[in-house]
Amino acid sequence: MLKDVWKEFDRAELGHSSVHHLLAIHTLLKERGYARAVDIATYLQLTRGSVSITLKKLREKEYVLEDENHFYQLSANGRRLVNAVLSKRRLVKTFLKDIFKLSEEIAEADACKVEHLITQETSAKMLSFIGLYLSDNPAAREFREKFEQYSHHCHQHDKDCMVCELECYFAGRDEMFSN
């Protein structure tokens, strides 16, 4: 089963780029009250030609509506998709920032990368975890304190490591992530 999971990314109805076009329309409508192709291209820092091609596909799939003046709106399906993506992004960002204590920039960037890849089931579990973790529940407070004090010490020669398969992942991480 897992050997075929990667193929699902290519089978998604909308790719990452198309989703960001919808998000751009949503943002422009919120900020300006309108969204034209030129505004979307400027917002995404893409060419108008590239944006036009994507907008045509989004219209054909009925995620976007265009009026006679070439102003774009999100259809009901487009709004539903944008809401789902933004909700997942907020959830992942909250998890990374408020639980893992990562910077705003890292949390936002990583949330953007996974926002449309995680399932509804994963999102629901993550929401429950965040809710409990950030609650005033005494067990949650105790766990938070222990988690914030905990620092994993890698045992490079441990054959039963729950992370590493071939060699210690953490041994070369400074070199791996410095690029």
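Condition check ((1) more than 19 Å from the chain's Cα centre (by Cα); (2) closer than 26 Å to TYR150 by Cα; (3) surrounded by 13 or more Cβ atoms within 10 Å (Cβ to Cβ)) across all residues:
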site	(1), (2), (3)
HIS26	no, no, yes
ALA41	yes, no, yes
LEU44	no, no, yes
THR54	yes, no, yes
GLU66	yes, no, yes
ARG79	no, no, yes
LYS88	no, no, yes
LEU96	no, yes, yes
THR119	no, no, no
## Note on the structure
Within segment 50-80, residues among the hydrophobic types (A, V, I, L, M, F, W, C) and farther than 18 Å from HIS20 by Cβ come out as LEU65, PHE71, ALA76
### Summary
From the option list LEU96, LEU81, LEU55, single residue qualifying as aliphatic (A, V, I, L, M), without any contact (Cβ under 8 Å) to a residue 60 or more places away in the chain and under 19 Å from ALA35 (Cα atoms) is LEU55
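Pick from PHE129, PHE147: which is modelled with pLDDT under 95, aromatic (Phe, Trp, Tyr) and under 26 Å from the mean Cα position of the chain (by Cα)? Break it down into steps so the answer makes sense when it comes.
On the way: PHE129 fails: modelled with pLDDT under 95.
From the options PHE129, PHE147, the qualifying one is PHE147.
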### Query
Just for segment 116-140: of the residues that are in contact (Cβ under 8 Å) with a residue 12 or more places away in the chain and assigned to a loop (DSSP other than H, G, I, E, B), which one is nearest to ILE99 (Cα to Cα)?
LEU134
### Task
Evaluate the following for HIS152: is it part of a loop (DSSP other than H, G, I, E, B), in contact with a helix residue (DSSP H, G or I) (Cβ under 7 Å, 6 or more places away or on another chain) and not assigned by TED's automatic domain parsing to the domain that holds LEU58?
no
### Task
Report yes if LEU102 is in contact (Cβ under 8 Å) with a residue 40 or more places away in the chain, aliphatic (A, V, I, L, M) and in a loop (DSSP other than H, G, I, E, B), otherwise no.
no
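The values are calculated or read from the model by the stated rules, or taken from the named source; none is laboratory data. Keep in mind the model is a prediction, meaning the values are calculated, not measured. A quick note on method: Cβ atoms are made from the backbone with ideal geometry, for glycine too, and the neighbour counts reach across all protein chains shown.
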